[in-house]
């Protein structure tokens with residue numbers, strides 16, 4: 001009963017406020033300048049709070065839902081992962097004039113060797129019907145005089161538990177480009193004093209891209225696994241906008257014959 005009464009009171013107060021500001025709008029033409037300035041100050045303060053509430057409501061109600069880790073995986077997958085950057089809002093949504101080594105969050109970082117950075121990045125909310133990840137990452141590159149630009153995602157410890165040379169690791173990306181761009185993916189696995197590296201070029205056509213890393217052809221020491229990470233390497237990225245709408249990894253054993 002108390003909740004019903006509270007809800008009715010809130011609706012009455014909201015209706016009263018709406019009527020009040022409707023009257024203020026009608027009377028604005030005949031008010032004195034002193035009255036008008038006072039009303040404007042209150043209206044600006046109220047609008048900033050309303051805009052803040054709208055932004056939060058739209059972000060939470062938009063699909064896909066924040067925190068979602070749903071995405072298609074191959075049959076037999078024994079580990080899968082979407083980095084938190086594509087699942088949850090960042091504390092710091094954007095960066096300008098990004099430094100040569102900049103940590104975006106505790107899992108993802110960006111690296112380049114430009115003396116003068118003309119690179120910015122921003123986390124954006126995905127709202128298309130086709131999107132599965134709640135967030136995306138937008139990189140805007142203007143003049144680029146360096147020799148490399150890469151985005152690094154450090155894999156969690158769970159990725160190494162039970163990892164064997166019989167495994168395939170699939171990387172899936174959803175990428176929108178302002179103009180065509182060569183993108184390479186490199187899987188790095190630190191095992192003892194050595195680092196195994198496998199490089200694949202992503203398909204040029206389409207926004208949905210997938211590559212697989214077959215560990216059967218590696219010299220991986222399964223008993224000394226320490227750390228793994230993925231590099232996304234962008235070739236000649238100048239004057240381009242790169243929007244990575246999703247990034248996921250899945251691990252499955254290779255089919256036995």
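The values are calculated or read from the model by the stated rules, or taken from the named source; none is laboratory data. As the structure is a computational prediction, the values presented were derived from the model and not from experiment. A quick note on method: Cβ atoms are made from the backbone with ideal geometry, for glycine too, and the neighbour counts reach across all protein chains shown.
Picking from 110, 98, which residue would you name as being at pLDDT 80 or above, over 18 Å from residue 174 (Cβ atoms), touching a strand residue (DSSP E or B) at 6+ places or on another chain (Cβ under 9 Å) and part of a strand (DSSP E or B)?
Selected residue: 110, the only one of 110, 98 that is at pLDDT 80 or above, over 18 Å from residue 174 (Cβ atoms), touching a strand residue (DSSP E or B) at 6+ places or on another chain (Cβ under 9 Å) and part of a strand (DSSP E or B).
Picking from 171, 137, 149, 190, which residue would you name as being within 18 Å of residue 80 (Cα to Cα) and either in contact with a strand residue (DSSP E or B) (Cβ under 8 Å, 6 or more places away or on another chain) or buried (at least 18 other Cβ atoms within 10 Å of the Cβ) (or both)?
Unique residue meeting the criteria: 171.
Any residue in the range 153-168 that is within 24 Å of residue 103 (Cα to Cα) and free of Cβ contacts under 8 Å to residues at least 24 places away in the same chain?
yes
Does residue 205 fit the bill of being over 30 Å from residue 121 (Cβ atoms), in the same structural domain as residue 151 (by TED's automatic domain parsing) and not in a strand (DSSP E or B)?
Details: over 30 Å from residue 121 (Cβ atoms): no; in the same structural domain as residue 151 (by TED's automatic domain parsing): yes; not in a strand (DSSP E or B): yes.
Judged against the criteria, residue 205 is not a match.
For the list (1) loosely packed, with under 14 Cβ neighbours inside 10 Å; (2) on the phi < 0 side of the Ramachandran plot; (3) not in a strand (DSSP E or B), I need the number of the one condition that residue 221 fails.
Residue 221 satisfies every listed condition except (1).
Of the residues 181, 149, 247, 139, which single one is within 21 Å of the chain's Cα centre (by Cα) and at pLDDT 95 or above? Write out each step before concluding.
Working: 181 fails: at pLDDT 95 or above; 149 fails: at pLDDT 95 or above; 139 fails: at pLDDT 95 or above.
The conditions single out 247.
Tell me, please, whether a residue that is assigned to a loop (DSSP other than H, G, I, E, B), in the same structural domain as residue 198 (by TED's automatic domain parsing) and either within 14 Å of residue 248 (Cβ to Cβ) or without any contact (Cβ under 8 Å) to a residue 12 or more places away in the chain (or both) can be found in the range 133-150. Write out each step before concluding.
Taking the range 133-150 as the starting set, the residues that turn out to be assigned to a loop (DSSP other than H, G, I, E, B) are 133-134, 142-148.
Narrowing further to those that are in the same structural domain as residue 198 (by TED's automatic domain parsing): 133-134, 142-148.
After this cut, where a residue has to be either within 14 Å of residue 248 (Cβ to Cβ) or without any contact (Cβ under 8 Å) to a residue 12 or more places away in the chain (or both) as well, the list is 133-134.
Yes, the range 133-150 contains at least one residue that is assigned to a loop (DSSP other than H, G, I, E, B), in the same structural domain as residue 198 (by TED's automatic domain parsing) and either within 14 Å of residue 248 (Cβ to Cβ) or without any contact (Cβ under 8 Å) to a residue 12 or more places away in the chain (or both).
Just to check your reading of the model, which residue among 38, 91 is at pLDDT below 85 and either over 14 Å from the mean Cα position of the chain (by Cα) or not assigned by TED's automatic domain parsing to the domain that holds residue 172 (or both)?
The unique qualifying residue is 38.
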